[in-house]
Amino acid sequence: MKPKPIHLRNLFTKFLKSPNFSTLIRKPHHYQPISSSSSSSSSTSLLKTNSSKPFFKPNDNINLLCKEKKFKEAIAILCNQKRLKESIQILESLHHSETKNIPFATIYSSLLQLCFDLRDLKLAKRIHDLINKTSAFVPGVFISNRLLDLYSKCGCLISARNAFDEMCERDICSWNTMISGYAKAGKLEEAYGLFEKMPERDNFSWSTMISGYVRRDRPREALNLFRSMQGKTNVKCNKFTVSSALAAISALPCRRFGKEIHGHILRTGLDSDTVVWSVLSDMYAKCGSLDEARYVFDRMLDRDVVTWTAMIGRYFEEKRWNEGFELFVEMLKSGIKPNDFTFAAVLNACSSQALEDVGRQVHGYMVRIASDPLSFAASALVHMYCKCGNIETAIRVFEGMSQPDLVSWTSLIAGYAQHGQPEKALSYFELMLKAGLKPDHVTFIGVLSACTHAGLVDKGLEYFHSITEKHGLTHTGNHYACVIDLLSRSGRFQEAEDIIDSMPMKPDKFLWASLLGGCKSFGNLKLAKRAAEVLFEIEPGNAATYVTLANIYASAGIWDEVASIRKTMDDRGVVKKPGSSWIKVYRQVHVFLVGDESHPRTKEIYDFLEDLSRRMKEEGYVPKTDYVLHDVEEEQKEQNLSYHSEKLAIAFGVIATPPGTPIKVFKNLRTCGDCHSAIKFISKIVAREITVRDSSRFHCFKDGKCSCGDFW
DNA sequence: GTAGGGTTAG
């Protein structure tokens with residue numbers, strides 16, 4: 001999961017030296033969203049205050065214009081000021097009049113445009129009524145199409161279809177608009193039904209259908225459509241059809257088809273379009289060829305923020321962190337202003353790499369350029385601070401948001417769960433409900449994991465049942481995985497098995513892995529075997545399963561089985577991911593592997609650990625040697641344990657920093673039981689606060705105790 | 001009237 005952290009060292013120096021970051025604010029700041037634009041808020045208040053008044057403000061020249069029968073001008077002014085209701089009032093006064101020469105088409109067109117900007121379905125219906133009532137006006141196809149579009153954009157496909165069916169004259173736009181409405185709503189069968197009936201089809205019709213299929217995760221059908229379009233002589237590929245086809249290929253994914261279209265793009269000169277290039281580059285990335293994606297990216301003449309963000313994001317997805325961060329810095333240098341998508345991508349990379357420094361600078365940068373803070377960038381900030389172990393700043397950011405969205409609440413709840421503060425997590429969940437937000441399936445993962453980390457089994461079960469019974473959601477596979485985790489960590493295996501047997505879906509690997517983990521804690525060999533066997537089938541290449549099962553056998557002293565598992569691993573070429581831990585001291589990241597002797601201060605570290613070991617034993621520490629897989633003598637086992645990567649990192653932290661400095665260590669795997677108990681002793685002996693973030697949560701050791709209360 | 005990027009946990 002984790003990268004080779006050794007690279008981070010270079011990243012940091014490069015990143016921190018970067019001119020763009022040297023002037024950044026170093027202290028964390030409140031990230032405050034800008035208040036919503038004044039124009040829209042004033043328009044709504046205007047609508048509200050004016051709705052009951054018969055006519056216009058006395059000082060307005062609207063009255064005058066109306067008197068002079070200059071209705072078009074009057075409505076143009078009103079529309080400009082977004083005074084929609086007043087416009088409608090004028091029209092209502094006109095619809096039964098005999099007035100000739102009123103340019104109704106222009107008037108209704110601007111009115112529909114405004115209505116469209118406001119996405120107001122009620123008003124759309126009123127305008128529609130008005131049009132029908134206006135005897136002096138028969139709507140042309142243009143107005144009808146606008147109405148059609150308005151209905152479908154407002155999500156009212158039934159009204160749209162009624163309007164479509166009522167049209168006495170339809171052009172290709174009418175058909176396309178209706179199809180697009182269906183396709184965007186995911187009603188592909190309806191869309192295709194109309195598509196087939198169309199008298200003629202243009203580029204628009206094809207690309208709408210193709211992207212409709214892509215969006216609904218049906219890339220094969222999308223591509224088939226594209227193929228049949230290519231067979232038609234009357235339609236040529238344009239940038240839209242090509243982009244939709246590329247998106248279909250990315251979803252398959254199939255690099256060979258992509259190459260084909262790449263050639264086509266070059267031949268037809270479509271390569272001058274930014275979006276086409278961007279999709280092309282992204283296609284290569286999604287087909288697993290990141291370097292080709294970069295090749296295309298590097299040859300783009302005009303790279304906008306979307307293109308940069310996509311490329312950066314792909315690097316992060318492939319866990320090529322350095323290249324992603326470097327590209328981000330390059331983007332800043334080239335003068336492109338990142339947007340919330342960019343920030344979210346970068347901040348999430350910081351989260352998973354625990355790069356709080358970088359994240360904090362990005363935060364500073366966000367504040368400085370005051371980017372339009374959509375809440376998902378803010379929620380990425382909350383997530384980042386949580387993941388970096390700085391829940392205090394996470395909560396400050398959260399409280400600085402005027403209206404935190406569901407993702408931010410969820411991040412915070414999950415953050416508290418990870419930090420072993422379940423009561424806080426659950427109280428934020430209750431606060432969220434009070435604030436009127438509806439939790440989604442992810443929120444409940446946070447809630448359930450809070451219960452799991454705290455051993456609140458019955459409370460967790462209660463929440464689990466509330467998902468369907470109280471909140472009207474459906475249980476996902478992840479919810480089941482959480483509840484199995486909850487039960488098996490407390491040794492309630494019978495209930496866990498009952499739930500597994502009654503699940504409506506096939507249990508996934510996370511669920512079996514949780515169960516296996518629980519079996520390890522309780523030495524449940526029989527169930528462990530069942531879980532491991534399934535896991536071997538689902539993901540035969542995952543070393544963790546072999547190691548865990550072997551550890552369970554080792555604890556029970558069944559060494560034959562241990563040896564046989566090790567042999568299977570060798571036969572299948574499964575390699576155990578080495579544990580590594582890292583710690584930052586004076587802006588330098590120091591990485592340690594198990595038994596690592598490559599650090600310049602290795603001798604001091606090992607001497608210190610030996611000394612520590614003696615003092616720990618005096619305090620009553622007993623090495624838990626069952627965490628050592630190998631079938632070796634007790635003394636050797638103890639040695640193996642002493643040099644786990646997190647111990648090396650902690651030891652280095654202690655000798656390299658002044659007394660009393662808190663120590664923060666990150667580990668790529670879960671910390672073992674022996675290290676957990678040893679670190680408790682260490683925190684007391686050296687009188688330091690030691691935080692360890694392992695792959696599943698935070699442990700804050702202080703004065704011989706851990707924040708997780710030994711339950712994790 | 002059509003095409004491209006992001007998030008929450010395990």
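Observations on the structure shown:
- Axis angle, to the nearest 10 degrees, between helix A:645-656 and the longest C-alpha principal axis of chain A: 80 degrees.
- Pairwise centroid distance, computed over Cα atoms, of the range A:640-662 with the range A:517-560, Å: 31 Å
- Per-residue Cβ neighbour counts within 10 Å put A:M503, A:M283 in the sequence A:M503, A:M283, beginning with the fewest.
- Working note: 222 nm ellipticity from helices only, DSSP H runs with n ≥ 4, each -39,500 (n - 2.57), summed and divided by the residues of chain A, gives -20500 deg cm²/dmol to the nearest 500.
- The label point for A:T661 and the one for A:K470, both projected 7 Å from the Cα toward the Cβ, are 4.7 nm apart.
- Calculated FRET efficiency for the pair A:T268/A:K85, C-beta based, R₀ 56 Å, to 0.05: 0.70
- Close amide H pairs (under 5 Å, H built 1.01 Å from N) link A:F701 with A:I690, A:T691, A:V692, A:S707, residues at least 5 positions away or on another chain.
- Taking every C-alpha pair closer than 8 Å and separated by at least 6 residues, the mean separation divided by the residue count of the range A:580-706 gives a relative contact order of 27 percent.
- C-alpha center-to-center spacing [the range A:234-274, the range A:282-337] in angstrom: 19 Å
- Over 20 Å apart at the Cα level, from the set A:K576/A:K667; A:K624/A:K647; A:K624/A:K680; A:K647/A:K684; A:K82/A:K133; A:K153/A:K187, are A:K82/A:K133.
- The phi torsions of the range A:502-507, fed into the Karplus equation with coefficients 6.51, -1.76 and 1.60 and a -60° offset, translate into couplings of 9, 5, x, 10, 6, x Hz, rounded to whole numbers, with Gly and Pro shown as x.
- Chain A: C-alpha gyration tensor shape, a/c 1.5 cut-off, then a/b vs b/c: prolate
- Restricting the range A:196-275 to GluC sites (Glu not before Pro) in coil, as DSSP defines it, with at most 12 other Cβ within 10 Å: A:E200
- Among A:W308, A:W277, a tally of other beta-carbon atoms within 10 Å of each Cβ gives an order, fewest to most, of A:W277, A:W308.
- Shape of the range A:580-706 from the C-alpha gyration tensor: rounded (a/c under 1.5, with a ≥ b ≥ c the square roots of its eigenvalues).
- Efficiency of FRET from Cβ geometry, A:E317 and A:D117, R₀ 30 Å, rounded to 0.05: 0.25
- Karplus (6.51, -1.76, 1.60) ³J(HN,Hα), θ = phi - 60°, over the range A:333-349, in Hz, Gly and Pro reported as x: 4, 7, x, 7, 7, x, 10, 5, 4, 5, 4, 4, 4, 5, 5, 6, 5
- Full extension of the segment from A:E497 to A:V585, taken as 0.36 nm per residue of separation minus the current Cα-Cα distance, would add 27.0 nm.
- Taking 0.36 nm per residue of separation and subtracting the Cα-Cα distance, full extension of the segment from A:N224 to A:K69 would add 50.2 nm.
- Other residues within the sphere of radius under 13 Å centred on the Cβ of A:S152, judged by their own Cβ, net out at +4 (K and R +1, D and E -1).
- Shape call, the range A:45-399: gyration tensor on alpha carbons, a/c limit 1.5: oblate
- Taken one residue at a time, the phi angles of the range A:299-310 give Karplus couplings (6.51, -1.76, 1.60, θ = phi - 60°) of 8, 6, 7, 10, 9, 8, 5, 5, 4, 4, 4, 4 Hz. Gly and Pro are set to x.
- Within-14-Å neighbourhood charge of A:G460 [Cβ basis; K, R +1; D, E -1]: -2
- Segment A:L406-A:I77, extension gain: residue separation times 0.36 nm, minus the distance between their alpha carbons: 114.5 nm
- For the range A:167-181 versus the range A:365-431, the gap between their alpha-carbon centres in whole angstrom: 45 Å
- Near A:V585, the amide H atoms lying under 5 Å from its own belong to A:H590; only residues 5 or more places off or on other chains count, and H is placed 1.01 Å from N.
- Ranked A:Y108, A:Y546, A:Y365, criterion: other C-beta atoms within 10 Å, fewest first: A:Y365, A:Y546, A:Y108
Each reported figure results from applying straightforward, stated rules to the coordinates on display, with no laboratory input. The structure presented is a predicted model; accordingly, all values stated were derived computationally and were not measured. Here Cβ is always computed from backbone atoms with ideal geometry, including for glycine, and neighbour counts include all displayed protein chains.
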